[in-house]
Amino acid sequence: MIEENKRENIREEMERAVKAMGAASLLFNNGFLNDAISRLYYSLLHDIRALLLTKGLEPKSHEGALRFFGFHFVKEGAFEPADSHIFSRLMKYREEADYNPSYIFTKEDFVEFKKEAEELSNKIKGYLKEKGYLCGLGNIKC
């Protein structure tokens, strides 16, 4: 992957993350908790995928994204183990939200999950900005 393509793919993943977070909020505000939680997860997945692209990594599965994140960013010390747990937990809740009709989420669950997802998303954005991958994206200056 050439640098120009890498930067474009990172930009696209970040845009998808923002859209998924917006969709999560819209769904939550209209009473669709399970769908809102699913979108929260996808927002974070797109952030993680953008992060992985900085090292030329393109996971083929959700589990691959989690493994790559853990091995290449948590194990190397760029992120905390707790960050990996947030992503892992949201992955599990997304599966419950999408495939288990008897699993019940509360509004409080969504608010807590969103807070955690936004905190990790901000860490990822900080890392990408520090490495120069967000320069010129939106109104971000470097």
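Every read-out reported here was derived from the displayed coordinates using simple, explicitly stated rules and does not represent laboratory data. Note that the coordinates shown come from a computational prediction; the quantities given were computed from them, not determined experimentally. No Cβ is skipped: glycine too gets one built from the backbone with ideal geometry, and neighbour counts run over all protein chains shown.
Side notes on the structure shown:
- Per-residue HN-Hα couplings for the stretch 99-109 [Karplus 6.51, -1.76, 1.60; θ = phi - 60°; Hz; x = Gly/Pro]: 10, 10, x, 8, 7, 10, 10, 10, 4, 5, 4
- The shape of the stretch 1-82 comes out oblate: with a ≥ b ≥ c from the C-alpha gyration tensor, a/c is at least 1.5 while a/b does not beat b/c.
- Between ASN9 and ASN100, the modelled labels are 3.3 nm apart [label points 7 Å from Cα along Cα→Cβ].
- For P(r) over Cα pairs in 10 Å bins from 0, in percent, calculated from these coordinates, the label among (i) 12, 38, 28, 17, 4, 0; (ii) 12, 43, 33, 11, 1; (iii) 10, 30, 33, 19, 6, 1, 0: (ii)
- Residues ASN122 and HIS72, FRET efficiency given R0 of 22 Å [Cβ-Cβ distance, rounded to 0.05]: 0.65
- For the stretch 85-117, the list of chymotrypsin sites (Phe, Trp or Tyr not before Pro) that fall in a loop by DSSP and count at most 13 other C-beta atoms within 10 angstrom reads TYR103.
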